[in-house]
Amino acid sequence: MSAETPIAAIVLAAGKGTRMKSDLHKVLHPIAGRPMLEHLLASVAELEPARQVVVVGSGRDQLERALGERAAIAVQEPQLGTAHAVQQAESALAGFSGDVLVMYGDVPFVSAATMREMLERLHGDDEPAVVVLGFVPDDALQYGRVIAVGDRIVKMVEYKDADPDERACHLCNSGLMAARAADLFALLARVGNDNAQGEYYLPDVVNIALADGRTCAVVTTRDPDEVAGINSRAELAEAEQRWQQRRRRRAMDEGASLVAPETVWFAWDTQVGRDVLIEPNVVFGPGVRVADGATIRAFCHLEGASLASGVEVGPYARLRSGAVLEEKAKIGNFVEVKKATLGKGAKANHLSYIGDAEVGAGANIGAGTITCNYDGYFKYKTVIGERAFIGSNSSLVAPIRIGADAIVGAGSAVTRDVADGELRIVRAEQLVKPGWADRFHDAMKKKKAEKQG
């Protein structure tokens with residue numbers, strides 16, 4: 001592959017995805033919190049493609065919203081096979097004369113390294129017309145076979161058309177290929193549909209090129225999981241599991257301790273530092289960064305949060321988008337934090353909601369405290385100063401500012417700012433009626449007895 005050769009990617013996503021039984025387009029179903037199509041496009045992006053085309057059928061509006069201006073949309077209607085699908089991208093690639101990668105939106109984990117290997121083979125000395133990505137599964141099942149001598153293809157054959165010797169070959173066709181744009185569309189124009197399904201099959205371009213006396217080559221992936229397709233909810237779950245197993249291993253290889261790795265679920269972009277301890281049943285949504293030496297206790301859910309070194313979270317805590325915990329801050333059990341910063345050493349140990357807030361270093365938030373940040377129309381901010389002490393079961397009605405070293409008495413509903421060093425107690429005066437409860441119980445017991453009698 002020459003550095004000057006432009007690259008285009010054609011991603012096929014026109015299948016109806018009926019086995020998913022979903023209103024959501026198949027390639028938009030997430031793995032590790034990221035649509036499977038986005039996993040594939042992220043790998044493609046490493047090659048800096050000049051053009052990208054996504055071929056769609058049903059669900060076009062969903063893909064257009066998801067992709068924006070990042071890729072051209074080509075429509076395949078009706079769906080007449082994979083070769084016909086690739087043909088629909090020709091107009092979007094008008095005037096393009098570089099290399100073309102053909103991929104599938106439901107085969108999301110093809111690596112950029114494998115794509116580069118295919119393109120490099122395309123520019124080998126024998127100048128193959130087509131490079132196919134092959135794989136050797138544990139069970140070849142009914143995959144189409146790639147019959148090759150070395151890496152030169154002799155024949156592409158569907159399983160149902162293969163003879164016993166050909167079926168004994170376990171080099172299978174992933175469906176992915178690379179070709180020069182001029183070769184690809186010229187070959188596609190010659191693909192017929194004289195087969196049992198009456199469809200135009202993409203592998204036929206290889207056999208047509210071979211019949212012309214051209215060389216075609218196969219690159220074999222070292223990891224069959226890289227080309228695993230996803231067509232059902234069960235296969236989606238299997239792909240999630242494989243991804244998670246690798247990510248857990250990576251986290252541990254990089255110095256994190258996972259007490260029960262199989263119960264920890266990462267997102268595609270989770271960042272975890274060294275000497276981080278993650279206890280069982282922790283779920284990371286997208287956008288979480290955990291610095292060295294943090295501890296995340298059992299049964300926590302984190303999304304869009306940033307944790308500095310020495311932070312402790314949980315058990316049973318929820319950190320939502322915009323939660324920022326500075327060095328050695330502590331969030332305890334049944335605490336929810338959203339769009340709030342807790343300063344160095346600040347603590348909210350249990351049963352609190354901290355939303356749209358700024359909590360100063362060393363502040364202590366008592367159990368049952370909530371920042372009342374929403375009036376049904378707008379969100380408002382609470383600012384709590386350094387070393388402030390908020391007593392248990394307090395309601396801080398935003399917008400409000402609690403000063404440094406201030407104390408809010410337990411059970412207070414605070415609606416006005418509290419000055420630095422001030423004590424604020426907002427409670428009704430206690431009313432004492434000696435003997436009232438005894439008289440009440442006696443009267444009610446008598447009434448109950450009369451009713452039962």
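Leaving ligands, DNA and RNA out of it, report the carbon-plus-sulfur percent of the accessible area of the chain at a 1.4 Å probe.
It is 49 percent, rounded to a whole number.
Using a simple spin-label model with points 7 Å from Cα along the Cα→Cβ vector, what separation in nm is obtained for N231 and M252?
Inter-label distance under the simple model: 3.4 nm.
Compute the length gained on full extension between K21 and E69: take 0.36 nm times their separation in residues and subtract their Cα-Cα distance, giving the result in nm to one decimal.
Between K21 and E69, full extension yields an extra 14.4 nm.
Among residues other than S58 whose Cβ falls under 13 Å from its Cβ, what is the net charge (Lys/Arg +1, Asp/Glu -1)?
-1
Determine the per residue accessible area of the stretch 192-260 with all protein chains present and a 1.4 angstrom probe, expressed in square angstrom.
51
If I ignore ligands, DNA and RNA and count only protein heavy atoms, how much of C372 is accessible to a 1.4 Å probe, in Å² to the nearest 10?
40
With respect to the cross-link table entries K347/K433; K26/K160; K21/K155; K26/K155, which display a Cα-Cα separation exceeding 29 Å?
Pairs exceeding 29 Å: K347/K433; K21/K155; K26/K155.
Could you rank the peptides 316-325, 433-442, 180-189 by their average count of other C-beta atoms within 10 Å per residue, with the highest value first?
In decreasing order of mean packing, 316-325, 433-442, 180-189 become 316-325, 180-189, 433-442.
Between Q76, A89, L24, whose Cα lies farthest towards the positive end of the dipole of the stretch 1-115 when Lys and Arg beta carbons carry +1 and Asp and Glu beta carbons carry -1, centred on the Cα centre?
Toward the positive end, the furthest listed residue is L24.
Report Rg(Cα)/(2.2 N^0.38 Å) for the stretch 362-453, keeping two decimals.
1.66
Check which residues have an amide H placed less than 5 Å from Q52's amide H, if you skip close sequence neighbours.
For Q52, whose amide H was placed from the backbone, the distant partners under 5 Å are A9, A72.
Grab the other residues whose beta carbon is less than 13 angstrom from that of M20, score K and R as +1, D and E as -1, and report the net.
Net of charged neighbours comes to +2.
Bins of 10 Å, beginning at zero and ending with the bin holding the largest distance: percent of Cα pairs per bin for the chain, please.
4, 17, 20, 16, 14, 12, 8, 5, 3, 2, 0
How high is the relative contact order of the stretch 310-361? Use alpha-carbon pairs under 8 Å, at least six apart in sequence, and give a whole percent.
33
Let me check I've understood the local charge: for C216, count other residues with C-beta under 13 angstrom from its C-beta, Lys and Arg +1, Asp and Glu -1. What total comes out?
-1
Which helices, taking whole DSSP H runs in the chain, have alpha carbons extending 27 angstrom or more along the helix axis plus mean Kyte-Doolittle at least 1.6?
none
Along each of its three principal axes, how wide is the spread of alpha-carbon positions in the stretch 141-286, in whole angstrom units, largest first?
61, 29, 27 Å, listed from the longest principal axis down.
Relative contact order for the stretch 238-346: what percent, with Cα pairs under 8 Å and sequence separation of 6 or more?
After rounding, I find 16 percent.
Per residue, how much accessible area does the stretch 84-161 have with a 1.4 Å probe, in Å²?
Computed with neighbouring chains in place, this is 43 Å² per residue.
Leaving out ligands and nucleic acids, and using a 1.4 Å probe, what accessible area per residue does the stretch 310-370 come to in Å²?
Normalised by residue count, the accessible surface of the stretch 310-370 is 37 Å².
Can you give me the relative contact order of the chain as a percent, contacts being Cα pairs under 8 Å and 6 or more apart?
Relative contact order here is 8 percent.
Have a look at P35, S58, V11 and report the one farthest towards the positive end of the charge dipole of the stretch 1-70, computed about the Cα centre with Cβ charges (Lys/Arg +1, Asp/Glu -1).
S58
How many times 2.2 N^0.38 Å is the alpha carbon radius of gyration of the stretch 210-303?
With N residues counted in the stretch 210-303, Rg over 2.2 N^0.38 Å equals 1.49.
Please name whichever of V414, V205, I296 sits farthest to the positive end of the charge dipole of the chain, dipole taken about the Cα centre and charges placed at Cβ: Lys and Arg +1, Asp and Glu -1.
The residue sitting farthest along the positive end of the dipole is V414.
Please check which bits of the stretch 153-195 a label hung off T5 would reach, taking the label as a point 7 Å along Cα-to-C-beta and the cut-off as backbone N under 11 Å.
178-181
Keeping every protein chain in place, order R214, R248 by accessible area at 1.4 Å, biggest value first, i.e. largest first.
R214, R248
Pulled fully out, how much extra length does the chain show between E262 and A45, if you take 0.36 nm times their separation in residues and subtract their Cα-Cα distance?
Going from the current span to full extension adds 75.0 nm.
Could you give the length gained by full extension between A211 and K451, i.e. 0.36 nm per residue of separation minus their alpha carbon distance, to one decimal place?
76.4 nm
Could you give the size of the charge dipole of the stretch 182-301 about its Cα centre, using +1 on the Cβ of each K and R and -1 on the Cβ of each D and E, expressed in debye and rounded to the nearest 20?
Dipole about the Cα centre, nearest 20: 380 debye.
The values are calculated or read from the model by the stated rules, or taken from the named source; none is laboratory data. A quick note: this is a predicted structure, and the numbers were derived from the prediction, not measured. Reconstructed Cβ throughout: ideal geometry from the backbone, glycine too, with neighbour counts over all protein chains shown. Side chains included, ligands, DNA and RNA excluded: accessible areas come from the protein's heavy atoms. Shrake-Rupley method; radii C 1.70, N 1.55, O 1.52, S 1.80 Å.
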